[in-house]
Amino acid sequence: MESNNQVVVKVRRSKNYAPAIWTPQLIRSFKSPYNYKTHKSHLEELKQNAKSIFASTIENYSNVQITQLIDTIQQLGIAPHLKKEIMEALDTIYLNINNETDLSNVALEFRILRGNGFLVSSGSYSN
């Protein structure tokens, strides 16, 4: 704002917050022993173990239990590593949609299937 060739500077109010303790020097001082190149083989081994455990688990469980397992895997954030196995399990569930009587199980199955791209209508669960 200018008036009569004078510049008026608005002063912002401050709450007098304490300065941040996370200085750039502090952040740069952190060292991590983790290195992807050295831990890659261990990561791949863990992925293969998880895939084999998932495959052996879905053979022995019902659709409701598999759906609950997939929900937990997605919440843990490891679903991208098991995407192929999860889609195969969901294909089986989708082809064998049964009329579940428990509303929470129906809702979970519906949400998981729809969230993974399956076209499921609410009429599929008419009961």
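The values are calculated or read from the model by the stated rules, or taken from the named source; none is laboratory data. Bear in mind that the values here come from a model prediction, so they are computed numbers and not experimental data. Cβ: placed from backbone, ideal geometry, glycine included. Neighbour counts: every protein chain shown. Surface areas here come from the heavy atoms of the whole protein model, side chains and all, with no ligands, DNA or RNA. Shrake-Rupley method; radii C 1.70, N 1.55, O 1.52, S 1.80 Å.
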Exercise. Taking a probe of 1.4 Å, how large is the accessible area per residue of the chain, in Å²?
Worked result: 81
Exercise. Taking Rh as the Kirkwood radius, which is the inverse of the mean 1/r over Cα pairs, what is the Rg/Rh value for the stretch 52-127?
Worked result: 0.94
For this session: Quick one: how many lysine pairs does the chain have with C-alpha atoms less than 21 Å apart and a gap of 8 or more or different chains? Give me the count, please.
Result: 9
Exercise. Based on DSSP H runs of at least 4 residues, each adding -39500 (n - 2.57), what is the mean residue ellipticity at 222 nm of the chain after dividing by all its residues, to the nearest 500 deg cm²/dmol?
Worked result: -18000 deg cm²/dmol
For this session: With a 1.4 Å probe and every protein chain kept in, tell me what percent of the accessible surface of the chain is carbon plus sulfur.
Result: 55
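Mind ranking 12-24, 51-63 by how tightly packed they are, going by the mean number of other C-beta atoms within 10 angstrom, highest first? Numbers along the way, then the final one.
On the way: 12-24: 6.2, 51-63: 13.2.
Taking the mean over residues of other Cβ atoms within 10 Å, the ranking is 51-63, 12-24.
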Problem set entry | Check: the chain dipole with +1 on Lys, Arg Cβ and -1 on Asp, Glu Cβ, in debye | 1200
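Could you state the orientation-averaged shadow area of the convex hull built on the Cα atoms of the stretch 1-51, in nm² to one decimal?
Over all viewing directions, the stretch 1-51 projects a mean Cα-hull area of 9.5 nm².
Taking 8 Å as the Cα distance limit and 6 or more residues as the minimum spacing, I'd like the relative contact order of the chain as a percentage.
Once divided by the residue count of the chain, the mean separation gives 19 percent.
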For this session: Could you tell me which label, among (1) 12.0; (2) 17.9; (3) 10.8, carries the value of mean projected area of the Cα convex hull in nm² calculated for this structure?
Result: (2)
